[in-house]
Amino acid sequence: MGLFYEADKTFEDIMKEKKNFVFIGEAGSGKSEIVLNIANKLAQATGKKVELFDLDQTKPLYRSRDMKEDFAKRGVEINYQDQYLDAPVMVGGVRVSLVSDSYTLLDIGGGHQAAKFAGAYNDLLSRDNAVPVYVVNPYRPWTRSVDTIDGTMRHILGSMRLDHIYILGNPTLGYATTPDEFIEGLDRIDELFDGFTTVNSACVRREILDEVKDRTDKTLIPLDLFLKYSWAE
């Protein structure tokens, strides 16, 4: 698999070097929570304008767009377009944001339809200031083999007309993920990509960071849980 991008760099390195980010991940990967956290971190750390575009066409239960009002106070503008039934829609302003001085984050989900939409910006997303990020949660059923992951990534990258991707681990079972489950998930990620690439960065719920940080040599990105719903408690 010759599609892995700058595997020697941590995601912290990537955040310092890039302006435009495309986040890809199947339902349940935790992608939207990660996108919100990265957008918030960039806004707080740099003071620059951050624009987040919710292009996820699968209408998942956990949606970054649900935080639009709260994140406006944090310096993050969340953009999306309402859908009618299953009709695919385009979100305006993406190209303008990609060429501006602001940070631009695209949350495209794991579907090929959203990836095709993102492909409309291929000329900008293939520049050195942009990076596609694939979120891997080893606890999801479609990440049980590297062949499955490879097939999904190649399909999406083909739709986007891109040829490389950065892997970001997110071993989570939800709000109640224990430290041991997190470490076991990291081991599963290493097993999945053994012989192909090194996944050196992973996201972790902030509440368990202190309990796991000395149990791995990976760079850990602490996450605050913004997407909380009463029906999930």
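The values are calculated or read from the model by the stated rules, or taken from the named source; none is laboratory data. Since the structure is predicted, the reported quantities are computational estimates derived from the model, not experimental observations. Note that we place each Cβ from the backbone using ideal geometry, even for glycine, and neighbour counts take in every protein chain shown.
Across the stretch 141-194, the number of residues qualifying as among the charged types (D, E, K, R) and over 28 Å from Leu125 (Cβ atoms) comes to 9.
Would the stretch 168-183 turn up any residue that is among the charged types (D, E, K, R) and modelled with pLDDT of 95 or more?
Pass one, the stretch 168-183, residues among the charged types (D, E, K, R): 180-181.
Now drop any that are not modelled with pLDDT of 95 or more, which leaves 180-181.
There is at least one residue in the stretch 168-183 that is among the charged types (D, E, K, R) and modelled with pLDDT of 95 or more.
Does at least one position in the stretch 51-60 carry a residue that is within 17 Å of Asn200 (Cα to Cα) and modelled with pLDDT of 90 or more? Working first, answer last.
Our first condition is that a residue be within 17 Å of Asn200 (Cα to Cα); within the stretch 51-60, this holds for none.
Looking through the stretch 51-60, none of the residues is within 17 Å of Asn200 (Cα to Cα) and modelled with pLDDT of 90 or more.
I need the full set of residues from the stretch 220-233 which are more than 16 Å from the chain's Cα centre (by Cα) and either assigned to a helix (DSSP H, G or I) or at pLDDT 95 or above (or both), in order please. Ser230, Trp231, Ala232, listed by residue number. In the set (1) surrounded by 15 or more Cβ atoms within 10 Å (Cβ to Cβ); (2) farther than 26 Å from His155 by Cβ; (3) modelled with pLDDT of 90 or more; (4) among the charged types (D, E, K, R), the condition left unmet by Asp66 is number (3).
Residues in the stretch 106-148 that are modelled with pLDDT of 75 or more and of a type in the set (A, V, I, L, M): Leu106, Ile108, Ala118, Ala120, Leu124, Leu125, Ala130, Val131, Val133, Val135, Val136.
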